[in-house]
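Coordinate-derived values only; no laboratory data. Nothing here was measured: the structure is a model prediction, and the numbers come from that model. Glycine gets a Cβ as well: all are built from the backbone with ideal geometry, and neighbour counts include every protein chain shown.
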Amino acid sequence: MTALLALAWAASSAAVLAAEMPANVDAKRMADPVATAANWMTYGGTYSEQRFSPLKQIDKSNVTRLGLAWFADYDTNLRQDGTPLKIDDVIYVSTAWSKVYALDARTGKTLWQYDPKTPGQWVRYLCCGIVNRGIAAWNGKIYLGTLDGRLVALDAKTGKPVWETLTIDPKQRYSITSAPRVAKGKVLVGLSGGEYGVRGYISAYDAESGKLDWRFYTVPGDPSQPPENDAMKTAAATWGKGSEEWLKRGGGGTTWDALVYDPVTNLVYIGTGNGTPWNQVYRDPKKGDNLFLASIVAVNADTGAYVWHYQETPAETWDYDAVSPLSVVDLNLNGQKQRVVLQASKNGFFYVLAARTGKLLKATPFVDLNWADGVDMKTGRPRVKPEARYPADGKGFNLFPGGAQGAHGWQGNAFSPDTGLFYIPTGHAYSAMVYDPNYKANETGTNLGIDFAAMRTWYTSHPEAKRSTTSLLQAVDPKTGQQVWAGDEHDGATGGVVATAGGLVFQGNGSGNHLRAFDASTGKVLWSFDVQTAVLAPPISYELDGKQYIAVSVGGNASDYYAPNYSRLLVFALDGKATLPPTTPYTPRPLLPPPLDAEATPADVQTGEQLYARNCAMCHGDRGRQARGQFPDLTRTPMLYTQDGFNAVVLKGALSARGMASFGDALKPEDTFRIRNFLIDAANKLKAAPPSAAPVAAPTAAEAHGQ
Ligand code: CA
């Protein structure tokens, strides 16, 4: 056989194998550098989740030739956060509403589509959007966590479910937006719900049978019951006894993004979320550390048994989830090669931890955070400023990084072994944290213990206070914690990244609607492409038929909810010649609010604002208006015109299939009358004051967050 024939035979047999066995992922392939370079077989690229591609066909010298190879439209106008997987000749990608597409990687043709049919009512339990960030693949199956808490195994060839299991107690307000991962034939899956009140945990299921293998809780359970393990015993000692609140609300500590299996240490690293309620005074008046909230916890991959933890934010009270993506890296520190876990945390510190022991090696701020004066390296504890805990004196604290967005959310970061730099999509937002003296446990809405309505009032009465909601890309040297370069600052949330051996970093600038390539060493923008919509999801890179591709899911954050959106998978290659269809002209809905109902009093409007803040603001933003929304702008909705129409939606669930759930169990007709009149009042005030002169809207968790 000639060499050429042998090559052709090898290629065709690989294709035959791919056709016979889609989603051909196992431990051997995950450890094979050729297979991992050509494919993107797990959420963060490889087990280490560095989001680094060793491909270098596309490089600094030729990236200007990068063009669209093909694109595939999605069936939704909602935001897209998903990291696609590319395995042999198929791309799998999850979209809004936890749907999955399998696409022919050569043509973009849809091979199958799967819709788990999540009930629209479940959107009430989502703090931050109807999103899904990714899927897992193993041995011919694709694994999906659904918004309503199911883990579904799909046949990768047909898209038909092989098994399905409920990972949650459906009476509790859990959800899943994160990507499962597979370690040693077990599917690891986390969950969300820390803004409502649940007990965090992570579960491992047998990939073939769907049987629960192990579960690790991140916070203790009912003290009247024996603890599940010694770790829970240790954790329980850090929570005040007799405080009903954290027990009733589950305590929090949800596991909604960071989840890494390291075959070298045989550990699974888990990032844990904020406490519930956010305000610790209500959660635990004794102000214990509340383990394992806001921590990185390592457990044994085989058993789920606790091995170590590092708590980034003891006595957490700011929504400082420690859930931003983790990367495992071999780093030369002080002349020694060390295996470390890296996290650029929501609280603004960049952490370097020893992967085997959890020892804190470095904690350096990567933004100008104002809640602490650094970290005491002896104790590993942040030196917290007392005023930052926004005490009950009601003075409030203008927190930076602001709790909802934080310094870094779910958007995938990357580490390049070539440059030695860590690329972080960072957030730069203030948010006024104001103690809520009237907080009462909420069985149907969020449980925060801070007052969103007071946040806006606080900025009005503190006109000198700094405010911003911007983002940028920062390159940090993990060895020093120092910034090497930073991209341009832009409004709103920003996108995840991928770094390549071509000396490039690809990232979308959020609602700036552009995918861009940065010089990985200098931060210079070398290439930019108008994607017609927001780009928040991290791109991936892979090789097919000898060609390198960059693929990214785009969509969301259009100028407003009603504007046309262009949710798609875009695939780029050198000399790609495809073009996107022109955008549809759009005129925003006019701001034409009706007058207040004749019988509505100022007290009704005021109570309406409080009811709105507790029940509606999480999705619909401050005073009914979001700058760019995946939920309708309520200052412009026709629903303001009639109370019957408003009630049909809010109390009777007329739009529940689209995600606007019924609030009939939480609100009475007199409540919706007040909320509607508050919105009418807000819309009329907005009309009277042009947006530039209006108070800056408080940051909306829904836009930036994604948990
Ligand atoms: Ca949170």
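Each 10 Å bin from zero holds the following percent of Cα-Cα pairs in the chain: 3, 16, 27, 28, 18, 7, 1, 0, 0, 0.
The residues packed around A666, meaning those with a beta-carbon under 14 Å from its beta-carbon, carry a net charge of +3 if Lys and Arg are +1 and Asp and Glu are -1. Using only side-chain charges placed at the Cβ, +1 for Lys and Arg and -1 for Asp and Glu, the dipole size of the stretch 385-474 relative to its Cα centre rounds to 140 debye. Taking 4.7 Å between beta carbons as the limit, the unpaired Cys residues of the chain are C616, C619. Convex hull of alpha carbon positions in the stretch 197-237: directionally averaged projected area 3.5 nm². Stokes-Einstein D for the stretch 261-399 at 10 °C, 1.306 mPa s, Kirkwood Rh over Cα pairs, in µm²/s? Using the Kirkwood radius from Cα pairs, D works out to 101 µm²/s.
Got a sec? How would I87, I424 order by Cβ neighbour count within 10 Å, fewest to most?
Working: I87 26, I424 29.
With the fewest neighbours first, I87, I424 line up as I87, I424.
Quick one: check the C-alpha center-to-center distance for the stretch 504-574 versus the stretch 633-674, whole angstrom. Here the answer is 36 Å between Cα centres. Highest mean packing comes first when the peptides 643-655, 294-306 are listed by Cβ atoms within 10 Å, giving 294-306, 643-655.
The packing ranking, built from the mean of other Cβ atoms within 10 Å per residue, places the peptides 271-279, 674-682, 593-601 in the order 271-279, 674-682, 593-601, highest first.
The share of alpha-carbon pairs in the stretch 187-324 lying farther apart than 17 Å comes to 54%. Cα centroids of the stretch 138-214 and the stretch 399-419: 25 Å apart.
Working note: Cα atoms of the stretch 63-139, range along each principal axis, descending, whole Å: 44, 34, 20. Based on DSSP H segments of at least four residues, each scored -39500 (n - 2.57), the chain has a per-residue ellipticity at 222 nm of -4000 deg cm²/dmol. About the centre of its Cα atoms, the chain shows a dipole size close to 360 debye [charges on the beta carbon of Lys, Arg (+1) and Asp, Glu (-1) only; nearest 20 debye].
Based on the mean of other beta carbon atoms within 10 Å per residue, what is the order of 453-459, 199-205, most packed first? Write down the numbers at each step before the final one.
Values: 453-459: 20.6, 199-205: 25.3.
Ranking the peptides 453-459, 199-205 by packing returns 199-205, 453-459.
Residues E164, E49 in ascending order of nearby Cβ atoms (within 10 Å, fewest first): E164, E49.
When a/c reaches 1.5 or more, the comparison of a/b and b/c decides; with that in mind, is the stretch 325-419 rounded, prolate or oblate per its Cα gyration tensor?
prolate
Ordered by the number of other Cβ atoms lying within 10 Å of each residue's own Cβ, fewest first, L85, L68 fall into the sequence L68, L85.
What is the stretch 573-693 by shape, rounded, prolate or oblate, if you read a ≥ b ≥ c off the alpha carbon gyration tensor as root eigenvalues and call it rounded for a/c under 1.5, prolate for a/b larger than b/c, and oblate otherwise? In terms of gyration-tensor shape, prolate. The count of lysine pairs in the stretch 115-235 with alpha-carbon distances below 15 Å, taking only pairs 8 or more places apart or on different chains, stands at 7.
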